[in-house]
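Input: a single structure, listed below in structure tokens.
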Amino acid sequence: MSWVDSIPMVTEKEKAVITKAIIPVAGLGTRFLPVTRTVPKALLPVLDKPLIQYAVEDAVEAGITDIAIIEDSRSVGSYFHSMPDLEEKLREGGRDDSADQMVEISDLARITSIKQIEPLGLGHAILLARNFIDDEPFVVILPDEILWGEFSATAQVLDVRDRYGGNVIAVTETSWDDVHTKGIVGGPNVEPTVIAIDQMVEKPPRDEAPSNLAIIGRYALGPDVFEHLSKLRQGAGGEIQLTDAIVDCMEHNNTYGVIVDSARYDAGVPEGMFGATLHQAATNPAMRQMIVDFAAEL
Ligand code: UTP
């Protein structure tokens, strides 16, 4: 009998309200070269807002107040610093709306920058925030996974964590032709959109994949994941993988996958960024008309 045959109760520790998030942005961004030679991927814009702002907004909507941004030598966290000189100039020019918008950005959350000197993998980046997290449960948000919907994707993950405890991962149905390129989970459904994960495999061949549910960039995790991360050696691709630590946690923790109800764009590649840009543009009547006119011309 596996743990999924009798779902355990949520423990007192798991009932703790999660207020901290880690947003790692120190990867090389090789799928988005050449722009990422100098511009960090997290600062690439969808229209007028960078990916990092969408990620922070996703967190804040879910009740997160404190965020560690794991960055390389280029600063991403400074995007959220207050800019009094700019605000003053905007107000002097009668542009109070823009000035207010600038204040809102710097007031979104308490942001801490942590440096990852070498890109040794997502797991390594998360481990660098161990002291910041300080033995509490936390969320991880990957900003190049854009998830837009009625409710923030992080809030959807936290909702499942509140009801079931354990570690919770956002997943989405992917094409069977793509399963060999993604982290895939499997297990029985406990609700139509929640599965109790009993298998997690990185890039399985199509005929060995337990499902077509792929891991996407939102996680709610307990602090014991750090213990497992600290013991890991470099895995697939010479990197320390977060997935390996979550699999190690599965010996003692229940793990759930939630199929999030969100439009998804992989902004780690130009095509995904283009899709996200069209999505946002279509919400603005003038830009929507531009899309329609352009499509007609095509
Ligand atoms: P990705 O797998 O998307 O890697 O990392 P990447 O380096 O950004 O992009 P490619 O594959 O070379 O095109 C997922 C997230 O983890 C961060 C990335 O910045 C991204 O937000 N990451 C990855 C780190 O912070 N440090 C690492 O060592 C690796």
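The values are calculated or read from the model by the stated rules, or taken from the named source; none is laboratory data. Please read these numbers as outputs of a predicted model, since none were measured by experiment. A quick note on method: Cβ atoms are made from the backbone with ideal geometry, for glycine too, and the neighbour counts reach across all protein chains shown. Each accessible area value is taken on the protein alone, full model and side chains, heavy atoms only, with ligands, DNA and RNA left out. Shrake-Rupley method; radii C 1.70, N 1.55, O 1.52, S 1.80 Å.
In the context of the full set of protein chains, residues of the chain present 51 Å² of accessible surface per residue (probe radius 1.4 Å, heavy atoms only).
Expressed as a whole percentage, what fraction of the accessible surface of segment 100-215 belongs to carbon and sulfur atoms when a 1.4 Å probe is rolled over the protein heavy atoms? Reported share for carbon and sulfur atoms: 47 percent. Enter the angle in degrees (range 0 to 90, nearest 10) between the Cα long axis of helix 96-106 and the first principal axis of the Cα atoms of the chain, meaning the one along which they spread out most. Tilt of helix 96-106: around 30 degrees.
Peptides 224-231, 100-107 ranked from most to least packed give 224-231, 100-107, packing being the mean of other C-beta atoms within 10 angstrom over each peptide's residues. Excluding same-chain neighbours fewer than eight residues apart, the aspartates and glutamates reachable from residue 231 by a Cα-Cα span under 14 Å are 239, 244, 248.
Using the Cβ-Cβ distance between residue 10 and residue 290 with R0 = 45 Å, the FRET efficiency computed as 1/(1 + (r/R0)^6) comes to roughly 0.40. Put a dot 7 Å past the Cα of residue 297, heading toward its Cβ, do the same for residue 135, and the two dots end up 6.3 nm apart. Going through the cross-link list 15/115; 41/89; 20/203; 41/182; 20/115, which pairs have a Cα-Cα distance over 26 Å in this structure? Flagged as over cut-off: 15/115; 41/89; 20/203.
Principal-axis analysis of the Cα atoms of the chain puts helix 153-164 at an angle of about 30° to the longest axis. Result for the chain in a Gaussian network model with C-alpha springs under 10 Å: among 167, 189, 212, the largest mean-square fluctuation is at 189. Between segment 63-92 and segment 231-298, how far is it from one alpha carbon centroid to the other, in angstrom? Value for the Cα centre distance between the two parts: 24 Å.
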